[in-house]
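Written below as structure tokens is the structure these notes are about.
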Amino acid sequence: MAFVGSLLAASLGVVAWWWSFSADTAKMPPSDPAPLARAAPEAVVPSAVALRSELSQQFQPMARDLAALSQTVEQLKARQEQLIRDNETLASQLMASREESERNNGIIFEIKADQM
């Protein structure tokens, strides 16, 4: 069950990243690659650092949301396990009650048979 929660969290992270990436590229107008080819590598590095910082800021809320989702999944698993235990307890109590009822019916039948 933990594997499913982890897989779900990882999938949501990848989908969110892909969606934000595709949404950002869809907003960008087509650009001419020539200025980038002519730019010095030093000019490209600050924009990569800025991009990394921006991505980091975007991922922080998603990471918090995924952590909260993971915690919720764990709470649901614990609650489900408790419900299973409660159900087993009720089933055994019902079985004991039925057995007691059958014994009582047998005693009643014997008393009626003795009275006749």
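The values are calculated or read from the model by the stated rules, or taken from the named source; none is laboratory data. Since the model is a prediction, treat every value here as computed from it, not as a measurement. Reconstructed Cβ throughout: ideal geometry from the backbone, glycine too, with neighbour counts over all protein chains shown. Just the protein is used for accessible areas: all its heavy atoms, side chains included, with ligands, DNA and RNA removed. Shrake-Rupley method; radii C 1.70, N 1.55, O 1.52, S 1.80 Å.
Restricting the first member to the range 70-87 and to residues that are more than 15 Å from ALA10 (Cα to Cα) and open to solvent by 100 Å² or more (accessible area, probe 1.4 Å), and the second to residues that are part of a helix (DSSP H, G or I) and among the small types (Gly, Ala, Ser), no beta-carbon pair is closer than 6 Å while six or more apart or on different chains. Residue-level check: of (1) modelled with pLDDT of 65 or more; (2) polar (S, T, N, Q); (3) open to solvent by less than 90 Å² (accessible area, probe 1.4 Å), GLN57 misses just (3). Can you go through LEU90, LEU51 and tell me which one is part of a helix (DSSP H, G or I), without any contact (Cβ under 8 Å) to a residue 40 or more places away in the chain, open to solvent by 90 Å² or more (accessible area, probe 1.4 Å) and under 30 Å from SER11 (Cβ atoms)? Residue meeting the stated conditions: LEU51. ALA67 - would you say it is assigned to a helix (DSSP H, G or I) and modelled with pLDDT of 95 or more? Answer is no for this residue.
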